[in-house]
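Every number in this text was worked out from the coordinates using simple rules, so none of it is lab data. Just so it is clear, the structure is predicted and the values come from calculations on it, not from any experiment. No Cβ is skipped: glycine too gets one built from the backbone with ideal geometry, and neighbour counts run over all protein chains shown.
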């Protein structure tokens with residue numbers, strides 16, 4: 001299988017690129033108070049509700065806070081709340097804010113801000129949509145008390161609000177339509193977004209918010225006391241992986257979010273660099289077909305691709321020799337978690353049959369329609385996955401047009417529902433956190449809601465939606481698992497997307513950084529320099 005190539009001139013590129021890109025070392029005293037970070041992608045949209053990209057989520061966690069937050073054990077804990085109360089029938093929730101919470105403009109955080117923020121979030125989030133469908137009303141009883149009255153109980157309320165981009169924004173910002181991007185970034189979290197230093201494709205900067213009131217407890221993943229130990233966090237957008245690694249090893253930056261797997265052995269040999277995995281659940285690689293247009297609107301063609309797809313090809317191409325970071329056996333729920341199952345997995349683990357798959361495609365009436373395959377040029381893992389997919393499609397006789405753009409452009413194009421020859425697309429590659437694939441609640445790619453609430457690709461599957469509804473009302477964990485097994489079997493039949501592997505992304509940082517909270521994505525509070 002074709003392997004990506006890595007530039008061998010990384011140190012030279014770093015010396016030239018960093019000198020021209022404003023990454024020269026500041027004075028030692030200032031340097032100690034600044035955390036210099038290379039994110040995995042460009043921050044093209046800073047609205048974490050409008051987009052599901054991980055980079056926007058990372059940005060959101062710096063700038064805004066939540067009512068509840070998830071611990072390392074995925075338990076939902078009070079975050080901006082002092083207390084909550086649930087009525088005996090489960091239909092009324094009262095949530096009381098902690099005193100002293102402020103927005104970055106100095107205005108107090110009020111219950112009405114929370115109501116507006118949760119309302120906007122609920123339009124785009126799977127758990128939020130479900131909550132809204134069961135809600136009678138959500139109101140602010142006073143400046144510090146939110147009340148939610150439900151038509152039917154919603155026992156997963158705390159987890160629902162804790163797991164997504166339910167960030168608390170000022171009411172005036174949160175009133176922005178959820179399908180329109182915000183242009184005001186006043187936050188409620190431990191860092192302020194410095195808007196005038198944000199240059200898409202180049203940099204972003206954040207300043208510690210001195211008036212933020214952290215919880216008086218240790219940090220625990222996304223939850224707990226969010227204490228900022230740096231005055232500034234600077235994001236530097238450097239797409240080239242070799243340049244990233246060279247900058248880290250030279251001490252020009254402190255932290256590289258997702259170093260290229262090929263470069264990890266050399267980074268491990270540098271005593272001033274640490275390579276670690278903080279994510280307990282890993283990521284699932286997926287190939288997403290577009291169900292609206294030929295050829296992938298034909299279930300038989302989707303099934304034919306599944307018959308020929310070999311997860312080992314993807315894992316080998318992504319990980320190379322670093323087998324300890326992942327492997328095959330990825331299904332439709334996160335491997336190694338309670339809802340993961342072997343049901344239906346023979347569709348991926350059984351013998352691959354390219355000849356039969358080719359016959360199935362022809363029998364399905366494939367007429368040579370162009371398959372527009374999108375792969376991001378600035379995300380090496382996703383680009384590698386796209387290259388493996390291109391080879392697979394060509395081996396099946398599909399007419400592939402490979403389109404390579406930066407991730408921001410891909411994210412924009414994937415929202416286009418037009419036919420591929422009119423600016424739309426046929427398929428793209430991406431990865432999802434294991435947290436997202438834990439259960440059906442916010443499992444975006446598993447949804448069968450089509451263009452009315454579905455994720456990009458827009459499959460329509462009424463039975464899948466009905467099973468998801470059943471999961472929300474399951475009486476115990478055993479019933480939840482049974483429903484997830486049925487959903488996985490159905491997914492192997494209708495193929496909403498292709499799971500192609502499960503791996504753990506390592507992160508790399510200077511050895512003098514410590515106390516990183518453990519989570520699937522980078523967290524900036526708690527981290528300190530020693």
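Here are the numbers for the structure shown:
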{"item": "The chain shape via C-alpha gyration tensor axes, a/c threshold 1.5", "result": "oblate"}
{"item": "Sorted by Cβ neighbour density within 10 Å, fewest at the top, the residues 482, 195", "result": "195, 482"}
{"item": "Gyration tensor (alpha-carbon) shape descriptor, segment 47-184, a/c threshold 1.5", "result": "rounded"}
{"item": "Considering only the chain, percent of DSSP beta bridges that pair antiparallel, nearest 5", "result": "80 percent"}
{"item": "Residue-averaged [θ]222 nm for the chain, counting only DSSP H segments that reach four residues, each worth -39500 (n - 2.57)", "result": "-8500 deg cm²/dmol"}
{"item": "Calculated log₁₀ intensity ratio I(q)/I(0) where the Debye formula runs over C-alpha points of segment 454-530, q = 0.15, 0.16, 0.21, 0.22 Å⁻¹", "result": "-0.75, -0.78, -0.95, -1.00"}
{"item": "Simple label model, 7 Å out from Cα along Cβ direction - residue 180 to residue 133, nm", "result": "2.7 nm"}
{"item": "Burial ordering of 467, 263, 118, 141, fewest other beta-carbon atoms within 10 Å first", "result": "141, 467, 263, 118"}
{"item": "Residue 85 paired with residue 299, simple spin-label distance in nm, labels 7 Å along Cα-to-beta-carbon", "result": "5.1 nm"}
{"item": "Segment 302-343 versus segment 62-105: alpha-carbon centroid distance in Å", "result": "36 Å"}
{"item": "Hull volume in cubic angstrom per residue (convex hull over the Cα atoms of segment 283-503)", "result": "110 Å³"}
{"item": "Between segment 192-211 and segment 418-467, the Cα center-to-center distance that results, in Å", "result": "32 Å"}
{"item": "Normalised convex hull volume, segment 359-436, alpha-carbon set, Å³ per residue", "result": "118 Å³"}
{"item": "Net lengthening on full extension, residue 370/residue 353 (0.36 nm per residue, minus Cα-Cα)", "result": "3.8 nm"}
{"item": "Theoretical gain in end-to-end length, residue 511 to residue 196 [0.36 nm per residue, Cα-Cα removed]", "result": "110.3 nm"}
{"item": "Residue-span extension gain [residue 266 to residue 463] - 0.36 nm each, minus C-alpha spacing", "result": "66.0 nm"}
{"item": "Residue list for segment 124-149, given a label point 7 angstrom along the Cα-to-Cβ vector of residue 171 and an amide N cut-off under 11 Å", "result": "140-143"}
{"item": "Distance from segment 147-168 to segment 212-279 (C-alpha centre basis), Å", "result": "32 Å"}
{"item": "Residues 395, 165, 341 arranged by fewest to most Cβ contacts within 10 Å", "result": "395, 341, 165"}
